[in-house]
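Working notes, beginning with the structure itself.
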Amino acid sequence: MVSEEGPFAAIISDLGRVDDRQAGFTLLKRIRQTEIDTPYFIYTTSDLATMLRPVTRLRGAQGITADPDALVQMVVAAIR
């Protein structure tokens with residue numbers, strides 16, 4: 001369930017879960033359907049981050065990475 005309680009500066013999601021290998025995109029879709037425009041980032045393995053980078057922005061996320069330092073940089077840039 002997506003809650004509208006917040007506010008949140010950013011949302012960071014893992015890409016996959018046991019029951020949904022693309023759960024990060026599933027959650028993103030549900031969040032965007034509620035018109036929540038909080039910056040959204042996906043943290044995953046390097047192979048998936050590279051492969052899915054072009055699709056990530058098209059789906060409404062601000063970024064995807066496997067690098068923790070890059071994740072921090074992206075989030076800080078988005079919330080400034």
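Any read-out appearing in this document is the output of simple, stated calculations on the displayed coordinates, not a laboratory observation. Keep in mind that what you see is a predicted model, and the values were worked out from it rather than measured. In this analysis, Cβ positions are derived from the backbone assuming ideal geometry, glycine residues included, and neighbour counts consider all displayed protein chains.
How charged is the neighbourhood of Val75? Take every other residue with its Cβ under 13 Å from the Cβ of Val75, and add Lys/Arg as +1 and Asp/Glu as -1.
Every neighbour counted, the sum reads -1.
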Based on DSSP, what percent of beta bridges with both residues in the chain are antiparallel, to the nearest 5? 10
Note the listed values (i) 12.7, 43; (ii) 12.0, 35; (iii) 14.1, 45, then indicate which one is Rg and Dmax of the Cα atoms in Å calculated from this particular structure. (ii)
